[in-house]
Amino acid sequence: MEQNMNSALQSVTPPASVNRGGESNIGSLLLESGKITPENAERVLRMQKELGIRFGEAAQRLGLINESDIQEILARQFDYPYLQPGAGKFSDKLVAAYQPFSPQVERLRAVRSQLMLRWMARGHKSLVIASVAPGEGASLFAANLAVVFSQLGEQTLLVDANLRAPAQARIFDLRNSQGLSDMLAGRVGRDAIAKIDSFVDLSVLSAGTLPPNPLELLSRSTFATMSRELEAQYDTVLYDASAFSIGSDALAVASRIGGVLLVVRKNHTSVAEVHAATEQLVQSGAQVVGSVLVDF
């Protein structure tokens, strides 16, 4: 898949008429975010009264804001946080964060709905995201999927269980060098989990120190214990696992978690490879919840 709005609050008091009712909330938020000035707010209010239109529409007609500004304010009104393109520190391919109303993200939300119906509704909280081979987009898909789960209001944790070629620390610009491997080695506790402040309900546990024995770490009973503890703390836990072609790490993770979503790259992953990975998963006791085709 291809692909901070933390604007400084202005130290002004909005006009009283901008503080009443649902529509006026948009005016207040536009003022607070610095998108319009108090003087411009008065111009908008005059046009709104003269033409009998909404505050946001009047502001657009005056050329003070654009449609993306309206979408941003509506997202804030309904606790649906997302980021403005070019204003964040995260990867620009995190489309669920930067382009939440795009067709790509609509399809991502459709995947989320299917997972909730087919997997989460059956009492499962955790899911592994993996691909057959490296470079097929599993890590980026997992990151975007975690964002859309958090936008639903689910307390979501994304765990980078790819201890060979981790990506989530880079995608979310995490500076903490400790993560999953350090937790499994008993060197750190849950304080290694990073809360992503730009999203109310999203946290990320990076891979941590790259170990010489990733398969052995992921096969330990401590991983199973940790996964149960995380499920008790979060509504949804997504694991970004390494590709099946580079080792048995993904099988070790899948056997503990139970469910896997396979990421398949268009014109890149062969049907035979998908069948082979599926067979391995079934033999390990995991269930293939579904597969998703990505194109980039």
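Read the figures in this text as sums done on the coordinates, not as results from a lab. None of the values given here were measured: they were computed from a predicted structure. All Cβ positions, even for glycine, are placed from backbone atoms using ideal geometry, and neighbour counts span all protein chains on display.
Across the alpha-carbon atoms of the chain, the computed radius of gyration and Dmax are 22.1, 71 angstrom. With one equal scatterer per alpha carbon and no solvent term, the Debye-computed log10 I(q)/I(0) for region 22-65 at 0.15, 0.25 1/Å reads -0.28, -0.80. Excluding same-chain neighbours fewer than eight residues apart, the lysines reachable from K266 by a Cα-Cα span under 22 Å are K93. Compactness ratio for region 156-196: Cα radius of gyration over 2.2 N^0.38 Å (N = residue count) comes to 1.09. Sorted from greatest to least, the principal axis extents spanned by the alpha carbons of region 137-252 come out as 35, 29, 24 Å.
The label point for Q287 and the one for Q114, both projected 7 Å from the Cα toward the Cβ, are 1.6 nm apart. Under 16 Å of direct C-alpha separation, and excluding same-chain neighbours fewer than eight residues apart, K89 reaches these aspartates and glutamates: D173, D197. A simple spin-label model places pseudo-atoms 7 Å from Cα toward Cβ; at T209 and T225 they are separated by 1.9 nm. Potential lengthening of the chain between N267 and R107 amounts to 55.7 nm, from the contour at 0.36 nm per residue minus the alpha-carbon distance. Across q = 0.16 Å⁻¹, region 193-296 modelled as identical point scatterers on its alpha-carbon atoms has Debye log10 I(q)/I(0) values of -0.84, in the order of the q list.
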